[in-house]
Amino acid sequence: MKPGNSSGGWILSQPTNQIIFPGRWCKIQAMEKFPVKKGTFLVASPGLVDPNFVRAVILVCEHNEDGTMGLIVNRPTSVALDQILPKELIPPGPAGHAFQGGPVQTDHILFLHGLAEPDLQLNPICKGVYLGGTPDGLQKAFAAENGSSGPVRCYLGYAGWGAGQLDEELRQGAWVIRPAEAAEVFAVDPATLWARLTGLGSGVSPLGPVTGPDLN
């Protein structure tokens, strides 16, 4: 599969009933099931070793009959915001860093923030989390970042699936669905979010004969 078609694709080298997962992950999979919808997390299986999605936590931002789009919320990069955004958009002080949103259209920038103003053309994702907005709205969000609106997160690219592709991956056990909360989307230590949501710990190595296709 190629970016722009779907970024969610991965393949199993043998039937899923032969994949070995840690016992705690099996218990997580047996917990209450949640449907895929806007405002949920896709939490990667420890057996998913596609480098695009190893230990990824993806916030679903759109899900309908045409497919699914989401942002990886736990992969900060070394790219400073003042390298990619207009100076007038960023408030004075040390610049934050962009996140890797996914392997599709990595030259596109998307924003999540907590500033709820009805005139900013926002797309609500879950309680306290909004996607995008007008340039003026984003400037307001950055200016209010240290206030009640919460942080602003900038993502390079996104993850996407065509119609039916995510359903197949869920059937194969690639992901577990969990409700998302603003505190987790804007986690202070996002790199540990997967370990905290799964309870598996950051030292767990991906297991199982799962391989990802060439997405380039």
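Some values worked out for this structure:
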| item | result |
| --- | --- |
| Residue match in segment 102-118 (condition: modelled with pLDDT under 70, loosely packed, with under 15 Cβ neighbours inside 10 Å and outside any loop (DSSP other than H, G, I, E, B)) | yes |
| Strands (runs of 3 or more DSSP E) (entirely within segment 54-99) containing at least 3 residues that are buried (at least 17 other Cβ atoms within 10 Å of the Cβ), of a type in the set (A, V, I, L, M) and in contact with a strand residue (DSSP E or B) (Cβ under 6 Å, 6 or more places away or on another chain) | 57-64, 67-72 |
| Segment 158-169, residues that are surrounded by 20 or more Cβ atoms within 10 Å (Cβ to Cβ) and either in contact with a His (Cβ under 7 Å, 6 or more places away or on another chain) or farther than 24 Å from residue 108 by Cβ (or both) | none |
| Within segment 170-186, tally of residues that are surrounded by fewer than 20 Cβ atoms within 10 Å (Cβ to Cβ) and closer than 16 Å to residue 75 by Cβ | 1 |
| Filter result for residue 49 (at pLDDT below 95 and among the hydrophobic types (A, V, I, L, M, F, W, C)) | yes |
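The values are calculated or read from the model by the stated rules, or taken from the named source; none is laboratory data. Everything numeric here is computed off the predicted structure, so don't read it as measured data. Cβ coordinates were reconstructed from backbone atoms using ideal geometry, including for glycine residues, and neighbour counts include every protein chain displayed.
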